[in-house]
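To keep things clear, I will list the structure first and then write my remarks on it.
The values are calculated or read from the model by the stated rules, or taken from the named source; none is laboratory data. What you see is a predicted model; the values in this text were computed from it and never measured. Using ideal geometry, Cβ is built from the backbone for each residue, glycine included, and neighbour counts are taken over all protein chains shown.
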Amino acid sequence: MTSPESVLAELRASLECQVIGRDDTDYDGARRVWNGAFDRSPLAVVRPSVVEDVQRTVATARDSGLTLAVRGGGHSLAGFSTCDDGIVLDLAGFDEVQVDVARARVRVPGGALLHDLDSATVPVNSVVPAGVVSHTGVGGLTLGGGMGWNSRRYGLTIDNLLSVDLVTADATWRKVDAESDPELFWAIRGGGGNFGVVTWFEFGMRELGSPCVVTSAYPTSAADRVLGDLAGIASDLPRDQTVGLLMSRDELRVKSVWFGDTATAETRLGPMTRLGGQRGESATSTFTELQHASDESVAWGICCYSKGGFVSRLDDGFISLMTRQIAAAPTAECDVYMIQLGGAVADVDDDEAAYSGRSNPYYYVVTGSWDGPEDRGAAVQWGRETAALFGQASGVTSNYVNEQSDSSQDFVEHAYGEKKYQRLVEVKRRTDPTNLFRLNQNIAP
């Protein structure tokens, strides 16, 4: 194997972009990722802004045998956007979103954040259904599937994806869409970062409209009643309305967004402020404010363990399980998040893309968070045990691969199901036979 020193020298000699090594003053900042639970020391952080430097970096990692981590927003729950002693390919230099209003399309670079996308599309009354935290990377979000407040109206992020510019393991650049390589295009829509480095995404834009947003806060002690009422109301909501919730030991926050006629907004949103015989403390916000509402609670540097899953039915038994588990949380920062799906998400046939689980009406994420290292073990154990109980109660084996701190072949196979997994393996063997792109929910060739 080539020595690390010679690889670093080769990168610096062959690339036009910044290559940050351990001796550089900005190394500690460059190697930092969103989840503070991961403190890793790569050989180099490469920050390209042109595709040729991406190709050269991929070729160098492949030929040297070093681990390659691809970073879009650095938001990987499992720490996949960094590594020890390998190369981090940081796409932050690809960050200028390009909007084509006439064609209702938007080109989004691989290093763009959700904030960058919204900042470009919302002013022209347009949106791509993507995410709920503004500092999330668009790239990782999309490749796993992508869900957000507009998904019941317009589907998943991948349902609005038209094409990608992709650098594969052979360091070849290619444009991939439904016509040029339908099987690879199928695989990247939900298959994660297994198939290469996406430098650009092209999406179809959808009309945003004039959304109305209300957030109501309730005491967690009333959660059984509040969630019981919410489940009954949510089951009959039109796809122009979406609900979500965040529950900690002390507070239950219910959010609802109405995208329909503003004249009926009060009728649609009012019930969300009066759940379970309680009158929640409520506030309204704009769509942009909604997209930033969770930024501080999951700010950069948070130390957390998360695991998500689908819920086929939000019944009394599942609600009771949620309230019991949150009461047992070891830290005040632990929480359970849930977003409503259905609508346009379920309109698409499940075999249309690698993403699985479209028929389920809800998705949850259990997060065990900690401030000090003394709480790490308890928070991780609580998160893992709570997610396991939720999974048993829901009975759903398919999953969304993005919201997972754990990784194993068994999980990946169950997340996609046997048929889809084998199909993904065939694409992986064709595009990445040596598994260069393995820091992900990995599909082994």
ask   = Which of the residues spanning segment 342-360 are more than 14 Å from GLY308 (Cα to Cα) and part of a loop (DSSP other than H, G, I, E, B)?
value = GLY342, GLY343, VAL348, ASP349, ALA353, ALA354, TYR355, ARG358, SER359
message = For segment 367-389, which positions are in contact with a strand residue (DSSP E or B) (Cβ under 6 Å, 6 or more places away or on another chain) and not aliphatic (A, V, I, L, M)?
response = THR367, GLY368, SER369, TRP370, ARG376, TRP382, GLY383, THR386
request  = Kindly establish whether THR284 is farther than 30 Å from ASP406 by Cα, in a strand (DSSP E or B) and touching a strand residue (DSSP E or B) at 6+ places or on another chain (Cβ under 6 Å).
outcome  = yes
query = Out of the residues in segment 258-280 that are closer than 18 Å to TYR218 by Cβ and touching a strand residue (DSSP E or B) at 6+ places or on another chain (Cβ under 6 Å), which is modelled with the lowest pLDDT?
reply = GLY280
query = Checking ARG152 against (1) part of a loop (DSSP other than H, G, I, E, B); (2) closer than 24 Å to PRO238 by Cα, which test does it fail?
reply = (1)
message = Please list, ordered by residue number, the strands (runs of 3 or more DSSP E) wholly in segment 166-273 having 1 or more residues that are free of Cβ contacts under 8 Å to residues at least 24 places away in the same chain and either of a type outside the set (Phe, Trp, Tyr) or in contact with a Gly (Cβ under 8 Å, 6 or more places away or on another chain) (or both).
response = 173-177
task = Kindly establish whether SER294 is buried (at least 17 other Cβ atoms within 10 Å of the Cβ), assigned to a strand (DSSP E or B) and in contact (Cβ under 8 Å) with a residue 40 or more places away in the chain.
result = no
note = Across (1) at pLDDT 95 or above; (2) within 30 Å of GLY191 (Cα to Cα), ALA328 clears everything bar (2)
ask   = Pick from VAL99, VAL54, VAL70, VAL58: which is among the β-branched types (Val, Ile, Thr), surrounded by 24 or more Cβ atoms within 10 Å (Cβ to Cβ) and not in a helix (DSSP H, G or I)?
value = VAL70
remark   = Note on segment 386-420: residues touching a residue at least 60 places away in the same chain (Cβ under 8 Å), of a type outside the set (Val, Ile, Thr), under 23 Å from ASP315 (Cβ atoms) and assigned to a helix (DSSP H, G or I) are ALA387, LEU389, PHE390, GLY391, ALA393, SER394
ask   = Of all residues in segment 122-149 being hydroxyl-bearing (Ser, Thr, Tyr) and either in contact (Cβ under 8 Å) with a residue 60 or more places away in the chain or part of a loop (DSSP other than H, G, I, E, B) (or both), which is farthest from GLY192 (Cα to Cα)?
value = SER126
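This table checks each residue for (1) in contact with a strand residue (DSSP E or B) (Cβ under 9 Å, 6 or more places away or on another chain); (2) at pLDDT below 95; (3) buried (at least 22 other Cβ atoms within 10 Å of the Cβ); (4) not assigned by TED's automatic domain parsing to the domain that holds ASN160.
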{"residue": "TRP200", "(1), (2), (3), (4)": "yes, no, no, no"}
{"residue": "ALA222", "(1), (2), (3), (4)": "yes, no, no, yes"}
{"residue": "LEU227", "(1), (2), (3), (4)": "yes, no, yes, yes"}
{"residue": "ILE233", "(1), (2), (3), (4)": "yes, no, no, yes"}
{"residue": "PRO238", "(1), (2), (3), (4)": "no, no, no, yes"}
{"residue": "GLN241", "(1), (2), (3), (4)": "yes, no, yes, yes"}
{"residue": "GLU251", "(1), (2), (3), (4)": "yes, no, no, yes"}
{"residue": "VAL254", "(1), (2), (3), (4)": "yes, no, yes, yes"}
Failed condition for SER235, given (1) closer than 30 Å to TYR416 by Cα; (2) within 23 Å of the chain's Cα centre (by Cα); (3) of a type in the set (Ser, Thr, Tyr) = (2)
